[in-house]
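Working notes, beginning with the structure itself.
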Amino acid sequence: MELLEVKSLTKSFGKHVAVNDLSFSIEEGRCVALLGANGAGKTTTLEMLASLQKPTNGSISFLSVEKRDYREYIGYLPQYPVFFPWMNAIEYLVLMGELSGLSKSKAVARANELLELLGIADAKKRKIGGYSGGMKQRLGIAQALIHEPKLLMLDEPVSALDPVGRREILELMKLLKETTTILFSTHILHDAEEVCDDVIMIHKGELAVTASLSELRRKHQEDVIIISADENLDAWAGSIENWNIVSKVISTNNKIEIYVKNVAEARNLLLVEITEKKLPITKFTVGQTSLEDLFMEVVGR
Amino acid sequence: MKKWFVLHRKEWLEMTRNYKVIWIPLIFVLFGLMQPITSYYMPEILKNASNLPEGSVIEIPMPTSGEVLAQTLGQFNQMGILVLVLAFMGIVSSERKSGMLKAILVKPVRFSSYITAKWMSAVLLSVGAIFLGMLASWYYTVLLIGDYPFMNIVKGTSLYLIWIMFLLTFTVFLSTFLKSSGFVAAFTLLLSILLTLLTSLFEKYMEWSPAQLTNAAASLFISGKLEGPLMLPLITTVILTALILYLAATRKSSL
């Protein structure tokens, strides 16, 4: 079922158009990554979806109803979560829970549950002002989840964290996506590939690609064989470029990337060729292109 | 409505944690008791403080109780307003600056609840502080200078509080959209000074002015009865306050 549908969403600040004619939809139960370079309009898009900014144009419908106040169904983690530093974690979560419409006792129970889940239960009585960045990020996720929202929106949930914190948040997201629809923005492709089901790529405020991760892999991922050698192989690279089985050859310095249509066959042919011509290779790698290449293609065009 | 109380409670918790509930009333109480005490001891103070030639005779007539209380009011109107405006200038703007406003409004909370809960907490604390201050002043006036009917204190202070509410509402209003809380304080103080000044300069044309309420309260203290315009400034002040509060609670353009 479609949870959220966005039609030609546009936001301009004076002459600057931050988001331009963006349309996409989010299916219930999916984990969706909003990808884009810095300044592509990710935060503006998320803030419009969270009703923190009014779109200049376009419509957002939640559960097929347009123009409703659906804030009680969403949880939102801003890029830089802020809190009342003079409160402790439990007070803050209870406040947010009550503001989301929970009763006090329900909010307290839920707050304790979440602090346990996010692993900051030990610090629940400490003032938030003394929390580390990672703990604040967890508390931010906890406040977003307090009222069991249908849609969880996370703005750059892992960008500001160290490798350990980032690993933990990604694991947490994998856990959460079992029960909640998640939309998160990131500029790190690797993270997106790891947890998401669908990808929305935006570039300069415009939609570049929207597809499921598997679809993207099928369409854009190619098999590639990378050969490194001790000497320059440009001449040889030129000679294999017109093989049927090769779609593209990129040769830089002593390294050749060969994009092939059939790995098994190409590998055999290339290995035979290498032994015949006694090429001084140092490395022979068979692999696949990552989405990084697609991203670079989108961003760099 | 439940959410309004939740927000209101949060304001009180915050004012407790940053000790506003203590230092604001304390300042007013101090101002309140300073006035009768300095009036009473003025001759002594002058004798000790100034290096007048030997044998100078200082004769200052002792002010009446009503006059001392009116002076207290005058003190509140200068230093008191400054304190209140400085205490509440960042009431909305600081939360907008820190991003807390967004964190709250992403929850299903109405902007008007958010603003009015804040407004109410500021009003209640100020009302309490000023009443306590006047009470302290009245107590020492009675003790040192002479008896004074308590009911007049209540009436006069209540009148004066309407003017304070007007200024507080203006502070909240400016705080909802000005980026710097310094500007909020500057503009509110400017408004208060301008209104007071114009009201005393052009009394004829400024009968409607909210600042008239201070004059009415002072005259009530001094002579025991109301002199000068009352209904007109009362009505305009209440209407203006309601209007400004409405504007503050409805604008939502820039978070």
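Residues in segment A:232-241 include at least one that is free of Cβ contacts under 8 Å to residues at least 12 places away in the same chain and touching a strand residue (DSSP E or B) at 6+ places or on another chain (Cβ under 6 Å).
Against the definition (over 22 Å from A:A50 (Cα atoms) and open to solvent by less than 30 Å² (accessible area, probe 1.4 Å)), how does A:S185 come out, yes or no?
Values: over 22 Å from A:A50 (Cα atoms): no; open to solvent by less than 30 Å² (accessible area, probe 1.4 Å): yes.
Here the answer is no, as A:S185 does not meet what is asked.
Kindly evaluate B:L73 against the criterion of being of a type in the set (A, V, I, L, M), buried (at least 21 other Cβ atoms within 10 Å of the Cβ) and in contact with a Phe, Trp or Tyr (Cβ under 8 Å, 6 or more places away or on another chain). Yes; evaluated as a whole, the condition is true for this residue. Scanning for something modelled with pLDDT of 95 or more, open to solvent by 30 Å² or more (accessible area, probe 1.4 Å), out of contact with any strand residue (DSSP E or B) (no Cβ under 6 Å at 6 or more places or on another chain) and of a type in the set (A, V, I, L, M, F, W, C), does segment B:8-17 turn up at least one residue? So far as segment B:8-17 goes, yes, one or more of its residues are modelled with pLDDT of 95 or more, open to solvent by 30 Å² or more (accessible area, probe 1.4 Å), out of contact with any strand residue (DSSP E or B) (no Cβ under 6 Å at 6 or more places or on another chain) and of a type in the set (A, V, I, L, M, F, W, C).
Considering segment A:218-229, the residues that are in contact with a strand residue (DSSP E or B) (Cβ under 6 Å, 6 or more places away or on another chain) and either among the β-branched types (V, I, T) or free of Cβ contacts under 8 Å to residues at least 60 places away in the same chain (or both) include one that is nearest to A:P280 (Cα to Cα), namely A:A229.
Name the single residue, out of those in segment A:135-179 being basic (K, R) and in contact (Cβ under 8 Å) with a residue 12 or more places away in the chain, that is surrounded by the fewest Cβ atoms within 10 Å (Cβ to Cβ). It would help to see each step written out before you state the result.
We begin by selecting, within segment A:135-179, every residue basic (K, R); these are A:136, A:138, A:150, A:166-167, A:174, A:177.
From what is left, the residues that are in contact (Cβ under 8 Å) with a residue 12 or more places away in the chain are A:136, A:138, A:150, A:166, A:174, A:177.
Numbers: A:K136: 18, A:R138: 25, A:K150: 17, A:R166: 18, A:K174: 13, A:K177: 19.
It comes out as A:K174.
Please work out which one of (1) more than 11 Å from chain A (Cβ to nearest Cβ); (2) without any contact (Cβ under 8 Å) to a residue 40 or more places away in the chain is the condition B:S98 fails and give its number. Only one criterion in (1) more than 11 Å from chain A (Cβ to nearest Cβ); (2) without any contact (Cβ under 8 Å) to a residue 40 or more places away in the chain is unmet by B:S98, namely (1). Scanning segment A:84-105 for residues that are over 30 Å from the mean Cα position of the chain (by Cα) and more than 11 Å from chain B (Cβ to nearest Cβ) yields a single hit, A:S105.
For segment A:250-272, enumerate the residues that are under 30 Å from A:L207 (Cα atoms) and open to solvent by 80 Å² or more (accessible area, probe 1.4 Å). Matches in segment A:250-272: A:K261 only. Of all residues in segment A:121-134, those being under 19 Å from A:E156 (Cα atoms), open to solvent by 40 Å² or more (accessible area, probe 1.4 Å) and part of a helix (DSSP H, G or I) number 1. How many residues are under 17 Å from B:N77 (Cβ atoms) and not aliphatic (A, V, I, L, M) when one looks only at segment B:105-137? Here the count works out to 4.
A quick yes/no check of all residues on (1) within 30 Å of A:V298 (Cα to Cα); (2) more than 14 Å from every other protein chain (Cβ to nearest Cβ); (3) not acidic (D, E):
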position	(1), (2), (3)
A:L34	yes, yes, yes
A:N38	yes, yes, yes
A:T44	yes, no, yes
A:S51	yes, no, yes
A:K67	no, yes, yes
A:Y76	yes, no, yes
A:V82	no, no, yes
A:A107	no, no, yes
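Residues to consider are B:V127, B:V109; find the one that is touching a helix residue (DSSP H, G or I) at 6+ places or on another chain (Cβ under 9 Å) and either closer than 15 Å to B:H8 by Cα or open to solvent by less than 20 Å² (accessible area, probe 1.4 Å) (or both). Give the derivation first.
Working: B:V127 fails: either closer than 15 Å to B:H8 by Cα or open to solvent by less than 20 Å² (accessible area, probe 1.4 Å) (or both).
Just one listed residue meets the conditions, B:V109.
Pairing each residue of segment B:9-21 that is facing another protein chain (nearest Cβ under 9 Å) with any residue that is of a type outside the set (F, W, Y) and part of a helix (DSSP H, G or I), provided the two are 6+ apart or on different chains, yields C-beta distances under 6 Å for B:K10/A:L95. The set of residues in segment A:273-295 being in a helix (DSSP H, G or I) and either in contact with an Asp or Glu (Cβ under 6 Å, 6 or more places away or on another chain) or open to solvent by less than 80 Å² (accessible area, probe 1.4 Å) (or both) consists of A:E273, A:I274, A:L291, A:D293, A:L294, A:F295.
Condition check ((1) at pLDDT below 90; (2) among the polar types (S, T, N, Q); (3) part of a helix (DSSP H, G or I)) across all residues:
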position: A:M153; (1), (2), (3): no, no, no
position: A:G165; (1), (2), (3): yes, no, yes
position: A:K174; (1), (2), (3): no, no, yes
position: A:E178; (1), (2), (3): no, no, no
position: A:E193; (1), (2), (3): yes, no, yes
position: A:A208; (1), (2), (3): yes, no, no
position: A:I225; (1), (2), (3): yes, no, no
position: A:A235; (1), (2), (3): yes, no, yes
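The values are calculated or read from the model by the stated rules, or taken from the named source; none is laboratory data. Only a predicted model underlies this, so the values are computations on that prediction, with no experimental measurement involved. All Cβ positions, glycine included, derive from the backbone under ideal geometry; neighbour counts span all protein chains shown. Each accessible area value is taken on the protein alone, full model and side chains, heavy atoms only, with ligands, DNA and RNA left out. Shrake-Rupley method; radii C 1.70, N 1.55, O 1.52, S 1.80 Å.
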